[in-house]
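The values are calculated or read from the model by the stated rules, or taken from the named source; none is laboratory data. In this text, all values refer to a predicted model and were calculated from it rather than measured experimentally. With ideal geometry, Cβ positions are generated from the backbone for all residues, glycine too; neighbour counts draw on all protein chains shown.
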């Protein structure tokens with residue numbers, strides 16, 4: 001076991017012997033890259049010319065007036081290439097893959113944003129690409145699957161277990177064990193064995209670095225609170241990292257699903273349902289039973305129903321540096337609807353969890369306070385889920401007609 005990568009008692013690298021050499025190589029190459037100023041320069045250059053960095057900061061004037069409290073700003077990661085913060089991590093890991101001389105990448109995905117971003121990176125750099133995705137997520141994120149395949153990736157539905165994100169991660173690790181020589185696993189969130197939590201957070205830190213400078217340029221002062229949704233934790237680590245050394249409250253919002261008492265949620269740090277354990281190569285809080293078997297999770301947002309959470313965030317919860325809350329599916333749909341109508345912005349269902357908590361707390365703050373939300377992705381990927389949640393009659397009729405057309409084709 002590699003003895004690095006701990007954050008308090010969380011993290012580490014609990015690996016089968018066959019993967020130790022691969023991880024040692026990855027740790028070594030990542031540290032070399034971090035110590036090479038030209039690597040970060042190359043990274044920021046490609047993110048500014050191929051993606052959309054720096055992403056803008058939007059003042060939510062109408063929402064601010066609606067709630068009558070703190071000034072609300074939104075960090076627009078939805079305008080990043082591929083529609084989410086995921087591009088930050090995959091492009092950074094892609095540059096690392098080039099350094100290591102590997103020719104194939106694999107990834108897991110839940111909401112599909114990470115899979116789409118990985119497929120995009122593979123097309124850009126000329127890598128072969130395989131994406132593992134739970135069968136449940138394949139069905140509810142069909143538009144993202146379509147684009148992954150158009151980009152040249154092989155998308156493999158995972159039919160084992162609960163058929164969601166954790167099962168996709170398991171399958172990706174199985175693939176890596178048998179293809180280590182030419183393959184790199186582009187893990188999508190700040191979880192897993194060391195160095196992935198550190199590495200993903202490193203590439204996502206570009207969000208917080210930009211956001212801190214932007215809010216100071218706009219307001220001349222720091223925000224009172226910064227909010228982000230939390231699944232695995234990559235977008236939260238990204239924006240929080242810009243403010244760790246500042247007197248700013250950091251708030252992570254998890255998926256309460258159908259309610260904290262329903263048994264159908266994904267709260268690891270905002271409820272007492274999770275416990276510390278070791279799974280998928282690292283130690284953190286997991287939703288597990290007394291025998292260490294992982295529980296089923298639920299969220300309207302495919303990217304937030306992961307059974308574990310970043311070991312870095314677990315440590316930040318224990319130290320009190322980050323406060324964690326939770327939002328139900330119903331609250332998320334309502335917050336999404338309000339944001340669309342008031343600002344003309346369409347957050348991803350994942351991001352809308354953070355908006356829920358902001359809408360609860362903004363009215364309790366003064367007009368001198370500033371709130372910053374990380375809109376980690378855009379909601380067009382969620383059209384099927386959102387249309388169902390809104391029970392939109394026009395959409396339902398459209399689906400029926402399309403289905404009839406296929407039957408008669």
Right, residue 251: crowded, with 24+ Cβ neighbours inside 10 Å and either in a helix (DSSP H, G or I) or touching a strand residue (DSSP E or B) at 6+ places or on another chain (Cβ under 6 Å) (or both) or not?
no
May I ask you to verify whether residue 101 is under 21 Å from the mean Cα position of the chain (by Cα) and either under 17 Å from residue 200 (Cα atoms) or in the same structural domain as residue 16 (by TED's automatic domain parsing) (or both)?
no
Given the conditions (1) touching a strand residue (DSSP E or B) at 6+ places or on another chain (Cβ under 8 Å); (2) buried (at least 22 other Cβ atoms within 10 Å of the Cβ); (3) touching a residue at least 60 places away in the same chain (Cβ under 8 Å), report the number of the one that residue 302 does not fulfil.
(1)
Among the strands (runs of 3 or more DSSP E) contained in region 10-80, which hold 3 or more residues that are assigned by TED's automatic domain parsing to the domain that holds residue 335, buried (at least 18 other Cβ atoms within 10 Å of the Cβ) and touching a helix residue (DSSP H, G or I) at 6+ places or on another chain (Cβ under 9 Å)?
71-76
The one condition residue 263 fails out of (1) part of a strand (DSSP E or B); (2) farther than 21 Å from residue 360 by Cα is (1)
Residues of region 161-170 being surrounded by fewer than 22 Cβ atoms within 10 Å (Cβ to Cβ) and under 19 Å from the mean Cα position of the chain (by Cα), which ones?
163, 170
Looking for whichever is modelled with pLDDT of 95 or more and in contact with a strand residue (DSSP E or B) (Cβ under 9 Å, 6 or more places away or on another chain) here; the options are 109, 120, 130. Which one fits?
130
Starting from residues that are buried (at least 22 other Cβ atoms within 10 Å of the Cβ) and within 20 Å of residue 349 (Cβ to Cβ), keep the ones in region 271-299 and report whichever is nearest to the chain's Cα centre (by Cα).
299
Taking region 98-123 and keeping residues part of a helix (DSSP H, G or I) and touching a helix residue (DSSP H, G or I) at 6+ places or on another chain (Cβ under 7 Å) leaves 98, 99, 100, 113, 114, 115, 116, 117, 118, 119, 120, 121
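Conditions (1) at pLDDT 95 or above; (2) in a helix (DSSP H, G or I), marked per residue:
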{"position": "308", "(1), (2)": "yes, no"}
{"position": "314", "(1), (2)": "yes, yes"}
{"position": "325", "(1), (2)": "yes, no"}
{"position": "333", "(1), (2)": "yes, yes"}
{"position": "345", "(1), (2)": "yes, no"}
{"position": "355", "(1), (2)": "yes, yes"}
{"position": "371", "(1), (2)": "yes, no"}
{"position": "384", "(1), (2)": "no, yes"}
{"position": "396", "(1), (2)": "no, yes"}
It is to be established whether one or more residues within region 356-370 are touching a strand residue (DSSP E or B) at 6+ places or on another chain (Cβ under 6 Å), assigned by TED's automatic domain parsing to the domain that holds residue 65 and closer than 24 Å to residue 136 by Cβ.
yes
Subset of region 124-134, residues in a helix (DSSP H, G or I) and either buried (at least 18 other Cβ atoms within 10 Å of the Cβ) or touching a residue at least 60 places away in the same chain (Cβ under 8 Å) (or both), comes to 124
Which count do you get for residues in region 282-299 that are modelled with pLDDT under 95, touching a strand residue (DSSP E or B) at 6+ places or on another chain (Cβ under 7 Å) and more than 15 Å from residue 254 (Cβ to Cβ)?
2
Which one of these does residue 170 not meet: (1) more than 23 Å from residue 43 (Cβ to Cβ); (2) assigned to a strand (DSSP E or B)?
(2)
Residue count, region 141-160 (criterion: touching a residue at least 60 places away in the same chain (Cβ under 8 Å) and either surrounded by 19 or more Cβ atoms within 10 Å (Cβ to Cβ) or over 21 Å from residue 348 (Cα atoms) (or both))
2
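Would you mind stating whether residue 255 is over 17 Å from the mean Cα position of the chain (by Cα) and closer than 30 Å to residue 365 by Cβ? Break it down stepwise before answering.
On the way: over 17 Å from the mean Cα position of the chain (by Cα): no; closer than 30 Å to residue 365 by Cβ: yes.
It is false that residue 255 is over 17 Å from the mean Cα position of the chain (by Cα) and closer than 30 Å to residue 365 by Cβ.
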Is it the case, given these coordinates, that residue 389 is within 19 Å of residue 76 (Cα to Cα) and either in contact with a strand residue (DSSP E or B) (Cβ under 6 Å, 6 or more places away or on another chain) or buried (at least 16 other Cβ atoms within 10 Å of the Cβ) (or both)?
no
